[in-house]
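Peer 1: I'd like to ask you about the structure that follows.
The values are calculated or read from the model by the stated rules, or taken from the named source; none is laboratory data. Here the structure is a predicted model, which is why all the values come from computation and not from measurement. Every residue, glycine as well, gets a Cβ built from its backbone with ideal geometry; the counts of neighbours run over all protein chains shown. Surface accessibility is based on the protein's heavy atoms, side chains included, excluding ligands, DNA and RNA. Shrake-Rupley method; radii C 1.70, N 1.55, O 1.52, S 1.80 Å.
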Amino acid sequence: MSALSLPSLSCTSSSTYPFSISLNSSFSSLIPFQRVKLFGSTSKATTRSFFLTAKAMAELVKDKESGLAAAGGGKMDIEHSRTFLEARSEEELLSGIKKEVEVGRLPPNVAAGMEEFYRNYKNAVFQSGDPAAAETVLSNMAVALDLMLLDVEDPFVFQPYHKALREPFDYYTFGQNYIRPLIDFRNSYVGNHSLFYEIEEKLKQGHNVVLFSNHQTEADPAVIALLLEKTNPHIAENLIYVAGDRVITDPLCKPFSMGRNLICVYSKKHMYDVPELADMKRKANIRSLKEMALLLRTGSKLVWIAPSGGRDRPDPVTGEWNPAPFDSSSVDNMRRLIESSGAPGHMYPLALLCYDIMPPPSKVEKEIGERRIISFHGAGLSVAPEIAANCEKSEEVKDVYTQALYKSVTEQYNVLKSAIDGKQGLEASTAGIALSQPWN
């Protein structure tokens, strides 16, 4: 979107919601320039297919602009540039970025990020060995660059609860099509797939479901949806993510965020980056918390939360990746929201392995502009049986429950790691975690 990454939501107590909640994360943005040799000219078939795709996109632009205005982007004051939609080759795309800088529509730093975004994406898609890689890169990046430019021209404004924009332009499908070529489905797996059907049944009955998960990359939402889209499209399309302010302010990230259902909050880690804005951020977070409570009261809601407070990071000594520890206050705050919703609620531990596709920096960075590396790689998703919370509310009980969730996520993660990184495939399955490839 990240995909989307989860920020921290920190609220002071109020008469309506007498507790605090902390759900942390960050979302990368601009990437530094790096020279990469360009691939040669595209074939006639590739160029023709791409041109037809771009032409179809151009025909949607007017509806897209009006749709953005209706959804919160405001009325376009200037005509949207068709530079990227009309490009028929890589050379025209890259020269188009320079052109938009020259005419003053693109800030140089955003343009540098867009160019590096293109180069990294191209390298990753070419790693797949797909004979149509050149066409895929050209088509997907033309749309992505166009959407990024559109947001620079007329920034979209997210509301505390953002519902995925599916028409007149389908941002969800755009995100799916963009990330799909980065996943090696031959080396990807889903654990305990039958439990996703169980979750769907609970949602149909009006129940709420919370998935307590580790968090690996900004592409997490798309990875989850892609691994489930053929068998569990309802989950793939209706999952609600808690999203940080970087996801909804960075023009390179926003087009992907616009296709997801989000509860938008300000990260606790960046709450005081600009001290004079801290009070505004806290008030905005309270509004977002109230939106989440209202959503849960209607029932049939599925929420994904990373109680670790951010993306997983590699061990500085061993370089090994493991789920970051969960924060018990985040888990307990979500439990309170579920219990006070009035609808039956369920909490499941979920594990996700996809760090190789878009790994975060080794440590949290204050400034927007972290380096983004993109790769073609296998991914894994696993869910374990629901873990019911103890009725007691002591701190010790909260910690025990949080550790039970975290232990389950870690166990599932290790099985996925054995299957994908350890090349054991389906044989990595255990008595409690059955791996499958439901897209086959």
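Peer 1: Give me the residue from region 227-239 that is among the aliphatic types (A, V, I, L, M) and surrounded by fewer than 23 Cβ atoms within 10 Å (Cβ to Cβ) and, out of that set, farthest from Lys163 (Cα to Cα). Can you show your working first?
Peer 2: Pass one, region 227-239, residues among the aliphatic types (A, V, I, L, M): 227-228, 235-236, 239.
Of the ones still in play, those that are also surrounded by fewer than 23 Cβ atoms within 10 Å (Cβ to Cβ) are 228, 235-236, 239.
Working: Leu228: 20, Ile235: 14, Ala236: 14, Leu239: 10 Å.
So, considering only residues that are among the aliphatic types (A, V, I, L, M) and surrounded by fewer than 23 Cβ atoms within 10 Å (Cβ to Cβ), the one farthest from Lys163 (Cα to Cα) is Leu228.
Peer 1: For Asn120, only one of the following conditions fails: (1) surrounded by fewer than 21 Cβ atoms within 10 Å (Cβ to Cβ); (2) part of a helix (DSSP H, G or I); (3) free of Cβ contacts under 8 Å to residues at least 24 places away in the same chain; (4) not charged (D, E, K, R). What is its number?
Peer 2: (3)
Peer 1: Could you please tell me which pairs satisfy a Cβ distance under 6 Å, a separation of 6+ or placement on different chains, a first residue in region 172-192 that is open to solvent by less than 20 Å² (accessible area, probe 1.4 Å), and a second residue that is among the charged types (D, E, K, R)?
Peer 2: Taking only residues 6 or more apart or on different chains, the pairs are Tyr172/Arg166.
Peer 1: Specify the residue that is nearest to the chain's Cα centre (by Cα); the eligible residues are those in region 294-310 that are at pLDDT 90 or above and open to solvent by 10 Å² or more (accessible area, probe 1.4 Å).
Peer 2: So the residue we want is Lys301.
Peer 1: Can you spot a residue in region 279-288 that is open to solvent by 10 Å² or more (accessible area, probe 1.4 Å) and of a type in the set (Ser, Thr, Tyr)?
Peer 2: No, because not a single residue in region 279-288 is open to solvent by 10 Å² or more (accessible area, probe 1.4 Å) and of a type in the set (Ser, Thr, Tyr).
Peer 1: Ok, one more. Which ones in region 240-276 are modelled with pLDDT under 85 and over 26 Å from Ala222 (Cα atoms)?
Peer 2: Met271, Tyr272, Asp273, Val274
Peer 1: Can I ask one more? Residues of region 255-290 being among the acidic types (Asp, Glu) and under 15 Å from Gly244 (Cα atoms), which ones? So that I can check it myself, show each step before the final result.
Peer 2: Looking only at region 255-290, we keep the residues that are among the acidic types (Asp, Glu), and these are 273, 276, 279.
Selection gives Asp273 alone.
Peer 1: Looking only at residues in region 129-171 that are among the acidic types (Asp, Glu) and over 27 Å from Glu79 (Cβ atoms), which one is surrounded by the fewest Cβ atoms within 10 Å (Cβ to Cβ)?
Peer 2: At the first step, the residues of region 129-171 found to be among the acidic types (Asp, Glu) are 130, 135, 146, 151, 153-154, 167, 170.
Restricting the remaining residues to those that are over 27 Å from Glu79 (Cβ atoms) gives 130, 135.
Values: Asp130: 14, Glu135: 20.
Of everything passing the filter in region 129-171, Asp130 is surrounded by the fewest Cβ atoms within 10 Å (Cβ to Cβ).
Peer 1: Name every residue in region 408-440 that is surrounded by fewer than 15 Cβ atoms within 10 Å (Cβ to Cβ) and not in a loop (DSSP other than H, G, I, E, B), in order of residue number.
Peer 2: Scanning region 408-440 gives Leu426, Glu427.
Peer 1: Spot the failing condition for Gly319; the list is (1) of a type outside the set (Val, Ile, Thr); (2) crowded, with 16+ Cβ neighbours inside 10 Å; (3) within 30 Å of Asp421 (Cβ to Cβ), and only one is missed.
Peer 2: (2)
Peer 1: Report, by residue number, each residue of region 240-278 that is in contact with a helix residue (DSSP H, G or I) (Cβ under 6 Å, 6 or more places away or on another chain) and either polar (S, T, N, Q) or farther than 29 Å from Glu167 by Cα (or both).
Peer 2: Met271, Tyr272
One line per residue, one yes/no per condition, for (1) basic (Lys, Arg); (2) modelled with pLDDT under 95:
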| residue | (1), (2) |
| --- | --- |
| Asp146 | no, no |
| Val157 | no, yes |
| Asp184 | no, no |
| Tyr197 | no, no |
| Lys202 | yes, no |
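Peer 1: Residue by residue through region 216-239, note down the ones that are under 17 Å from Gly310 (Cα atoms) and not in a helix (DSSP H, G or I).
Peer 2: Matches in region 216-239: Gln216, Thr217, Glu218, Ala219.
Peer 1: So the check is Cβ under 7 Å with 6+ separation or different chains; which pairs have a first residue in region 84-102 that's open to solvent by 30 Å² or more (accessible area, probe 1.4 Å) and a second one that's aromatic (Phe, Trp, Tyr)?
Peer 2: Listed pairs, sorted by first residue: Arg88/Phe50; Arg88/Phe51.
Peer 1: Pick from region 182-229 the residues that are among the polar types (S, T, N, Q) and touching a helix residue (DSSP H, G or I) at 6+ places or on another chain (Cβ under 9 Å): which of them is nearest to Leu296 (Cα to Cα)? Quick ask: steps written out before the conclusion?
Peer 2: Going through region 182-229, the residues among the polar types (S, T, N, Q) turn out to be 187-188, 192, 194, 205, 208, 213-214, 216-217.
Keeping just the survivors that are touching a helix residue (DSSP H, G or I) at 6+ places or on another chain (Cβ under 9 Å) gives 187-188, 192, 208, 213-214, 216-217.
Details: Asn187: 36, Ser188: 32, Asn192: 26, Asn208: 7, Ser213: 19, Asn214: 22, Gln216: 26, Thr217: 26 Å.
My answer is Asn208.
Peer 1: May I ask you to say which residue of Ala324, Ala351, Ala343 is under 29 Å from His193 (Cβ atoms), of a type in the set (A, V, I, L, M), touching a Ser or Thr at 6+ places or on another chain (Cβ under 7 Å) and surrounded by fewer than 22 Cβ atoms within 10 Å (Cβ to Cβ)? Let's see the steps before the verdict.
Peer 2: Numbers: Ala351 fails: surrounded by fewer than 22 Cβ atoms within 10 Å (Cβ to Cβ); Ala343 fails: touching a Ser or Thr at 6+ places or on another chain (Cβ under 7 Å).
From the options Ala324, Ala351, Ala343, the qualifying one is Ala324.
Peer 1: Just to verify a result, which residue in region 289-330, among those that are part of a loop (DSSP other than H, G, I, E, B) and touching an Asp or Glu at 6+ places or on another chain (Cβ under 9 Å), is nearest to Glu237 (Cα to Cα)? Give the derivation first.
Peer 2: Here is the first cut: in region 289-330, the residues part of a loop (DSSP other than H, G, I, E, B) are 298-301, 306-313, 315-320, 322-327.
Imposing the further condition that a residue be touching an Asp or Glu at 6+ places or on another chain (Cβ under 9 Å) reduces the set to 306-309, 311, 322-324.
Details: Ala306: 19, Pro307: 22, Ser308: 24, Gly309: 24, Arg311: 22, Asn322: 27, Pro323: 25, Ala324: 26 Å.
Filtering region 289-330 for residues that are part of a loop (DSSP other than H, G, I, E, B) and touching an Asp or Glu at 6+ places or on another chain (Cβ under 9 Å), the one nearest to Glu237 (Cα to Cα) comes out as Ala306.
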